[in-house]
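To keep things clear, I will list the structure first and then write my remarks on it.
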């Protein structure tokens, strides 16, 4: 079969394994989202505690939320969660310095098989104004993980804890 990739018969033979791989990658994205929601909940709890100095406690006097009460430490925990944070810009003419300003970001959460990332756009202050969760496994394309509006809002708040300037 001239012009056909030699990998095609192997891929066809193992196509059911690709579906298993995609399911595994989607499950990993769901696990990452659950972790992000927990981290953002703790950040919000710490911000509320710093404002009110009030926290629900269990019978032993511990925070019922299981979260720290320092917003800075909660932000640092989020920042330490990512494997890498990257930015990019749009195509522009040579010498157009203002056009070199970043317009998109990527936060890599885990890599290999499977991999999960957050991607989105940056506003004029280099702050995220959108967030999409994507996943992939070996030999598959990046796929958007379906999010509710509330999940997208939490994902965006997570992304907004990172610094996207020089």
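Identification of helices (runs of 4 or more DSSP H) wholly contained in the stretch 1-99 with 1 or more residues that are modelled with pLDDT of 70 or more, over 27 Å from the mean Cα position of the chain (by Cα) and loosely packed, with under 10 Cβ neighbours inside 10 Å yields 15-52. Given the structure, is residue 111 surrounded by fewer than 16 Cβ atoms within 10 Å (Cβ to Cβ), more than 20 Å from residue 80 (Cβ to Cβ) and touching a residue at least 24 places away in the same chain (Cβ under 8 Å)? Spelling it out, it is not the case that residue 111 is surrounded by fewer than 16 Cβ atoms within 10 Å (Cβ to Cβ), more than 20 Å from residue 80 (Cβ to Cβ) and touching a residue at least 24 places away in the same chain (Cβ under 8 Å). Number of residues in the stretch 107-127 that are part of a strand (DSSP E or B), closer than 23 Å to residue 26 by Cβ and more than 8 Å from the chain's Cα centre (by Cα) equals 3. If the condition is being surrounded by fewer than 19 Cβ atoms within 10 Å (Cβ to Cβ), assigned to a strand (DSSP E or B) and touching a helix residue (DSSP H, G or I) at 6+ places or on another chain (Cβ under 8 Å), then the stretch 133-150 contributes 134, 143.
The values are calculated or read from the model by the stated rules, or taken from the named source; none is laboratory data. What you are looking at is a predicted structure, and each value in this text was computed from that prediction instead of being measured. Don't worry about glycine lacking a Cβ; one is built from the backbone with ideal geometry, like all the others, and counts go over all protein chains shown.
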